[in-house]
Ligand SMILES: Cc1cc2nc3c(=O)[nH]c(=O)nc-3n(C[C@H](O)[C@H](O)[C@H](O)COP(=O)(O)O)c2cc1C
């Protein structure tokens, strides 16, 4: 059975737009009998790495910090698929997600080897070289807002000896809620997110058609700007009345 560990770092947890896409993707994987575990960083205590390098020596493979990473690190090591789900925060992943990724260092040996012409640390024998899928939503309209994070995810995978298996990206994500509320269909996106999960388990990869559908334009740019500013104006007015 394929083991999937999904970590969502939205502080809105199940009420957020990241969860909307992530949960459909996980549903698709579950339909193909994957074993799924989902975690929210908001509910976890994961401190930042202190760069003590105790996980290299003297306590090989073991971090000096005692927190929830004690339970999560073995799960990451055993996962065939790690799903990194994060809203875009100032062009990056959220702080708690970065802390979690940095704390994956104990999965690497201190030695250096050449992999694809780059200096890398070998993976400890008990850590699977699994796949990583990035799930992200953002507020801005254009898909290229995710470019810095796609680069980061690919680099992180090369560093951590994992395979980057694709990204489910939803720009102007709140427009999904707007369209749903105004009775317009987003069924193609819902189906593509589920189908992406089924495909990953069945074929080991996600088709570019489905990824494209998940990211498709929801409203034209000028309408997005108008709706966004209108929403902000209304929110400010009602907040001032309180
Ligand atoms: C601190 C902060 C920083 C953000 N930075 C960006 C950003 O740089 N670009 C962007 O498009 N959206 C940005 N957003 C908006 C979120 O990415 C967006 O609302 C996302 O869909 C929220 O996902 P969630 O509902 O799962 O929490 C930011 C939001 C917050 C709270």
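Every number here is computed from the coordinates shown, using simple stated rules; none is lab data. Quantities reported herein were computed from a predicted structural model and do not represent experimental measurements. Neighbour counts are summed over all protein chains in view; Cβ atoms, including those assigned to glycine, are modelled from backbone coordinates with ideal geometry.
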> In segment 1-143, what percentage of the DSSP-assigned beta bridges are antiparallel, given to the nearest 5?
Replying inline: 20
> What residue among 31, 62, 209 has the largest mean-square fluctuation in a Gaussian network model of the chain, using Cα springs under 10 Å?
Replying inline: 209
> Size of segment 123-242 along its principal axes in angstrom, Cα-based, largest extent first?
Replying inline: 60, 29, 25
>> Once you order the gyration tensor axes a ≥ b ≥ c over the Cα atoms, which shape class does segment 150-218 get: rounded for a/c under 1.5, otherwise prolate or oblate by comparing a/b with b/c?
In response: oblate
> Could you give the length gained on full extension between residue 43 and residue 187, defined as 0.36 nm per residue of separation minus the Cα-Cα distance, in nm?
Replying inline: 48.8 nm
> Given 0.36 nm per residue, what is the gain on full extension from residue 51 to residue 237 after removing their alpha carbon distance, in nm?
Replying inline: 62.3 nm
> Among 189, 72, 225, whose mean-square fluctuation peaks in a Gaussian network model of the chain (Cα, cutoff 10 Å)?
Replying inline: 225
> Any idea how far apart residue 59 and residue 223 come out in nm if each label point goes 7 Å out from Cα toward Cβ?
Replying inline: 5.6
>> Just to confirm the number: angle between the C-alpha axis of helix 147-159 and the first principal axis of the chain, 0 to 90 degrees, nearest 10?
In response: 20
> DSSP beta bridges in the chain, what fraction antiparallel, as a percent rounded to 5?
Replying inline: 15
> Taking springs between alpha-carbon atoms closer than 10 angstrom, which of 174, 86, 208 fluctuates most in the Gaussian network model of the chain?
Replying inline: 208
> Computed FRET efficiency, Cβ-Cβ of residue 202 and residue 78, R0 22 Å: what is it to the nearest 0.05?
Replying inline: 0.55
>> Using alpha carbons only, how many angstrom separate the centre of segment 79-131 from the centre of segment 145-178?
In response: 14
>> For the chain, compute the orientation-averaged projected area of the C-alpha convex hull (one quarter of its surface), in nm².
In response: 15.1
>> Nearest 10 degrees is fine. How inclined is helix 221-241 to the longest principal axis of the chain, computing both from alpha carbons?
In response: 90
> Length gain on complete extension for the stretch residue 89 to residue 180, per 0.36 nm per residue less the alpha carbon to alpha carbon distance?
Replying inline: 30.3 nm
>> Give me the one-decimal nm value for the distance between modelled label points at residue 125 and residue 147, 7 Å along each residue's Cα-to-Cβ direction.
In response: 4.5
> What angle, in degrees between 0 and 90 and rounded to the nearest 10, separates the Cα long axis of helix 187-203 from the longest principal axis of the Cα atoms of the chain?
Replying inline: 20
> Assuming R0 = 41 Å, what is the FRET efficiency of residue 115 and residue 30, from their Cβ-Cβ distance, to the nearest 0.05?
Replying inline: 0.80
